[in-house]
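What follows is a set of notes on a single structure, which appears directly below.
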Amino acid sequence: MGQRVAIVGAGMTKFVRRAQETGKELAFHATRMALDSCEMNLDQIDAVCLGTAPDTFDGVHMKGEYLSDGAGAWGKPYMRCYVGGGTGVFSVIQGWYHIASGLCDTCLVVCEEKMSSYQPHAQAAFLTIFDHTTERPLKPNLLWIFAMEMNRYMTTYGLRKEDIVQVAVKNKRNALDHPCAQIAKAVTAEDILNSEVLAWPVQRLDVSPVSDGAVALVLASESIARKVTDKPVWIEGVGWSLDTAYWTNRDLCYPRYVEEAARMAYTMAGVTDPRHQIHIAEPYDPFDYKELHHMEGLMLCGKGEAPQMTVDGITQRDGELPVCPSGGLLGVGNPIAAAGLMKVAELFWQLRGEAGKRQVSRKVKRGVAQAWGDLMQVGTVVVVGI
Amino acid sequence: MRAKAGVKQTPEIQYAGTGLSSKDFKEGKILCTRWTADAKYAWDAGIAIGKYLAGFKAGKILGVRCIKCGRTMVPPRAFCEWCFKTVDSWVQLRNTGIVNTFSLCYVTWDVKRVKKPEISAVIEIDGASKGMGIMHLLGEVDPNKVRIGMKVKAIWKPAAEREGAITDIKYWKPY
Amino acid sequence: MSERVAIIGIGATQFRSITPDVSYKELMFEAAVKAYEDAGINPRKDVDTFVTCAEDYIEGTSIFDEYVPDQLGAVLKPMHTIPGEGLHGIATAFLQIKTGRFGIAVVEAHSKASNLMTPDGIAACAQDPVYTRPLRLNSHFIAGLEMNRFCHATGITRDQCGRVVIKNRGNALNNPLAGRAALVSLGDFCSCEPVSCPLTELDIAHPVDGAVVVVLASEAKARALSKNPVWITGVGWCNGSPNLEARDWVAVNYCTRAAEMAFRMAGITAPRNELDFAEIDDTYSYKELQHLSALRFCGPSEAGHWVESGVTTTTGEFPVNPSGGALGMGHMYEATGLARLYCAVEQLRGTAGKAQLKKASRCLVQGWRGVPTASTAVAILST
């Protein structure tokens, strides 16, 4: 069924609060690095897939076309995909179906975000994600919905904030070993619990930052991948699922859409027991509770059990199931689509044993990356393996 | 192309990306162009939301019912998304509900800090199927006393001030 | 490559300048119900993947796919946005089915153009923020520049461009969906105010509201479900330079590359002889002529003679936009290419009514994303 698809190269820029480089330039640097990493050039690329989140950040309408030359897409089959925060991982799925279809043998996957262009603060741009008639007149802040989701999650399962913040402690510390990290820091649970309350139960240090940055991968069919590298990382399964727009009609305590996406990806990958067959995970962590929520949706633990797993140290780099060894969005930064793709890049480096100081202790052969977005509504999942 | 193990991702690799500070802008070290988008819209409310808004003006919360799955839904919609069919009837819901979840928000939508929190909530509306909520605000309540499961009722604007908008309900308060 | 891919269902609303009676969700729901009925499927059970083609700035909502799954029957199913032409969406569904893992795919695109209070201001946001926007020019200036250079280099005349408008808006008189049908004469252009000389108001396809939904299926599913599948034998898409400064204004190479990709896939070597008609982008009058040569149907200056001598009329040797095109049906942003495709499928099925061509078994459909882009998608359809 379709031809096998491998990741053969990866590149990224630093994640920073405000980059001097334009969006096109960020995309260029990540793309150039990804091509160099597998000693390929643009002439060998059949198609380009681009992921980037809301146009309102950059203030550029039809942002895909605008970024195209930076992403190496001049004169090539080129499309942009878009599922809000789920875009970064989805872009790999887009690259996958370009090649698995048999239409292409190589594909560049590029994700860029330049959130700093929006003035004075990117958060205000998020007002426009709400329903224009039934919600925007209430002047919601983006944080509302996440705080309400976190509250529902905590209350349903009787979870303690002290346990949840361990995710932020872990990820920010993991990021100290990431050369591209924006907000890596050794912080304690007390620091987080004492940080400014933004929208209770969400506090300043529970949240990932606003970032600029880009990440790129090179994907290839089996025949090309074997020529380019002796360490291809195979895309074994992909899945995505979008839940109803009526988010106030759903129980926010559990991300069912992530489970649906994970089931689709696991079925394709032949994963029947994710707790044992997945060795490393990069779930989406724009807030600390989200990593936990997503571990549960990915069926890496039971519902409401992820906080205890974190407290027990299982998700540390030297633990049984390393989770966000990159440092995640909480530590490396959150240039939305690029942050999602960074997670797949991290698995690529980890599975090849090239993650440097971030390399996890146990031998890892299969990993899962996941992103999430829209109105707490979409799950995008990729399973990779060697 | 030739066999290649790939470049080791080690700290000596130079990553692109130059971080700037606000100071760089203030001191004019960085040039930039500015643009305020002229993007204005007037969205047609349509059949379902149009009637929902008319209900607000009349001081009523309206929902729709799907006979097939038996759900009474709010906000109303012209179709049942589960059964993929047009909805069957309109139902007037009650002015009361239960807090499904809430947040105490100290930052406004445009990132201004406030001392007294805005209390956003998902409120399950009485008369609709279980779990059917809408997003709105809570008021006349001590932020520290808000709880999930709390019973609340809609506080409407006076009829003369209502305009057929979600804001015709000022907020919800415990009862 | 495994199975072939077919179109087994199409649905569309009327295309009208305003649609105050329905919301965008209700507009899309209508097109979706019609398409599923046409295909004989239940979206909740039968569809494996959904694609919507939309741009946030056009919707006035960021992350627009949030508001799409419900009215398409896509809740808790694979669904995503392609911010591209509806035909990019068709190419996406085609790729997904070709992986062998999806049996039925749905593509949606729509326009609620009437809800845009400042369409020119929104269009300006697509210009390069550093190089172009500070000039504060209406985006149609890009079409004006291109038309001027294109006509200068090819010898195509103002009148020949006008004849495209006369033909397409006239064709639309036979298309019950069309929102911009009219009888236009060359004389009308003399009194028409220029927008960006030589481009006039009459040369521009004006926006309308509407929605189109298309159901695609793998060969196995198509054979099981459909009596009259229309096969997609080739798809191609390509992107040129986003920089106005670096463009070839005469030969739009990206369009040629997209067509060549599709022709290669479909095994077509002589498009003019192997295809019966074409439904192509005519966002501006001159674009139909420019695209005709870029798509390899004729030489660069030949297109002008074609339209003048009636080759491209519905009774001509090679009908172009028998539906009325965007000039006659109205421009629907991302749904414009899907409207072309919808009408092409009706022709191939022989259900185009008064617009039905005598010979319609193979055709090309093309969409362009409009100014300031150099982005196009092509599909080859066959009975």
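Each principal axis of the Cα cloud of segment C:210-294 was taken in turn, and the coordinate range along them, longest first, works out to 51, 35, 22 Å. Beta bridges from DSSP with both residues in segment B:46-174: antiparallel share about 95 percent, rounded to the nearest 5. Shielding of peptide A:101-109 by partners, expressed as the average count of other chain Cβ atoms within 10 Å per residue Cβ, is 3. In this structure, the amide hydrogen of C:Gly9, modeled 1.01 Å from its nitrogen in the peptide plane, lies closer than 5 angstrom to those of C:Val215, counting only residues at least 5 positions away or on a different chain.
With contacts taken as Cα pairs under 8 Å at a separation of at least 6 residues, segment C:194-312 carries a relative contact order of 24 percent. Taking 21 Å as the straight-line reach from the Cα of C:Lys167, the lysines in range (excluding those fewer than 8 positions away in the same chain) are C:Lys287, C:Lys354, C:Lys358, C:Lys359. Rg and Dmax, both from the Cα atoms of the protein assembly as shown and both in Å, are 27.1, 82. Shown in residue order for segment C:117-122 are the 3J(HN,Hα) couplings computed by the Karplus curve 6.51 cos²θ - 1.76 cosθ + 1.60 at θ = phi - 60°: 7, 10, x, 5, x, 5 Hz (x for Gly and Pro).
Each Lys or Arg adds one and each Asp or Glu takes one away; over the other residues whose Cβ falls under 14 Å from the Cβ of B:Lys170, this sums to 0. Annotation: aspartates and glutamates with alpha-carbon distance below 20 angstrom to B:Lys130 (same-chain offsets under eight excluded): A:Glu149, A:Asp243, A:Asp251, B:Glu81, B:Asp88, C:Asp70. Dividing the mean sequence gap of close Cα pairs (under 8 Å, 6+ apart) by how many residues chain C holds gives a relative contact order of 25 percent. Site pair C:Arg223 and B:Glu161 shows an inter-label distance of 6.9 nm when each label is modelled 7 Å from Cα along Cα→Cβ. For B:Lys157, the aspartates and glutamates whose Cα comes closer than 19 Å to its Cα, not counting residues fewer than 8 places off in the same chain, are A:Glu135, B:Glu118, B:Glu140, B:Asp168.
Taking 30 Å as the limit for the C-alpha separation, the pairs A:Lys161/B:Lys151; B:Lys112/C:Lys25; B:Lys26/B:Lys170; A:Lys357/B:Lys112 exceed it in the case of B:Lys112/C:Lys25; B:Lys26/B:Lys170; A:Lys357/B:Lys112.
Once you have a ≥ b ≥ c as the square roots of the Cα gyration tensor eigenvalues for segment A:204-269, tell me rounded if a/c is under 1.5, and otherwise prolate or oblate according to whether a/b is larger than b/c. Oblate, since a/c reaches 1.5 and b/c is not below a/b.
Expressed as a whole percent, the proportion of Cα-Cα pairs in chain C lying more than 37 Å apart is 14%.
Rg to Rh for segment B:46-174: what is it, with Cα atoms only and Rh by Kirkwood? Can you show the working numbers first?
Values: Rg = 15.5 Å, Rh = 15.5 Å.
Taking Rh as the inverse mean 1/r over Cα pairs, Rg/Rh reads 1.00.
Farthest towards the positive end of the charge dipole of the protein assembly as shown, among the residues A:Leu330, C:Ala355, B:Gln92, is the Cα of B:Gln92, using unit charges on the Cβ of Lys, Arg, Asp and Glu.
Using r as the Cβ-Cβ distance of C:Arg272 and C:Leu186, and R0 as 30 Å, what FRET efficiency do you calculate, to the nearest 0.05?
Working: r = 27 Å, r/R0 = 0.89.
After rounding, the FRET efficiency stands at 0.65.
DSSP assigns beta bridges within chain A; of those with both partners inside it, close to 75 percent run antiparallel.
Restricting to Cα pairs below 8 Å that are 6+ residues apart, what does the relative contact order work out to for chain A? Please round to a whole percent.
26 percent
Per the helix-only calculation at 222 nm, which mean residue ellipticity applies to the protein assembly as shown, given -39500 (n - 2.57) for every DSSP H run of n ≥ 4 and division by its residues, nearest 500 deg cm²/dmol?
Values: 33 runs with 294 residues, N = 944.
One gets -9000 deg cm²/dmol as the mean residue ellipticity at 222 nm.
Where a number appears in this text, it was derived from the coordinates with a stated rule and is not lab data. This structure is a prediction, so every number in the text was calculated from the model and none was measured. Counting neighbours? That spans all protein chains shown, and the Cβs are built from the backbone with ideal geometry, glycine included.
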